[in-house]
Amino acid sequence: MKIELDRNRCEGHAMCEAAAPRFFSVDDEGDLTILEDQVPESEKSAVNSAVLSCPVAALKLLSP
């Protein structure tokens, strides 16, 4: 699984970071960094929750 970010949509709410801090980091200016874009099966549930928590749908979880 791979994380895809639409930077044009992201508003820096940090909901993803709260749900999966291993994969997402939002800085003080609201810019999101994806720390790991490849998601192991063991972390799929947490990352999926993070993707679904985005209020502007800026994230997607893609199958290989």
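The values are calculated or read from the model by the stated rules, or taken from the named source; none is laboratory data. Since this is a predicted model, take the numbers as computed values, not measurements. Note that we place each Cβ from the backbone using ideal geometry, even for glycine, and neighbour counts take in every protein chain shown. Just the protein is used for accessible areas: all its heavy atoms, side chains included, with ligands, DNA and RNA removed. Shrake-Rupley method; radii C 1.70, N 1.55, O 1.52, S 1.80 Å.
For the chain, what is the mean residue ellipticity at 222 nm derived from helices alone (per DSSP H run of n ≥ 4: -39500 (n - 2.57); sum divided by total residues; nearest 500 deg cm²/dmol)?
Taking each H run of at least 4 residues, the total per residue is -6000 deg cm²/dmol.
How high is the relative contact order of the chain, in percent, counting Cα pairs under 8 Å that sit 6 or more residues apart?
This gives 48 percent for the chain.
Send over a whole-number figure in Å² for the accessible area per residue of the chain, probe 1.4 Å.
64
Could you size up the charge dipole of the chain around its Cα centre, putting +1 on the beta carbon of Lys and Arg and -1 on that of Asp and Glu, and report it in debye to the nearest 20?
320
Between S25 and M1, 0.36 nm times their residue separation minus their Cα-Cα distance comes to what? Provide the component values of the computation, followed by the final result.
Numbers: separation 24, 0.36 × 24 = 8.64 nm, distance 1.87 nm.
Extra length from S25 to M1 when fully extended: 6.8 nm.
Just checking my list (1) 5.2; (2) 6.2; (3) 3.7 against mean projected area of the Cα convex hull in nm² computed from this structure; which label fits?
Step by step, mean projected area of the Cα convex hull in nm² for this structure corresponds to label (3).
So for each of 14-26, 50-62, 31-43 I average, over its residues, the number of other beta carbons within 10 Å; can you give me the resulting order with the highest mean first? Walk me through the intermediate numbers first.
Working: 14-26: 18.4, 50-62: 16.2, 31-43: 13.0.
Highest mean packing first, the order is 14-26, 50-62, 31-43.
Leaving out ligands, DNA and RNA, and with a 1.4 Å probe, what % of the accessible surface on the chain is carbon or sulfur? The partial results should precede the final answer.
Details: 1870 of 4070 Å².
That fraction is 46 percent.
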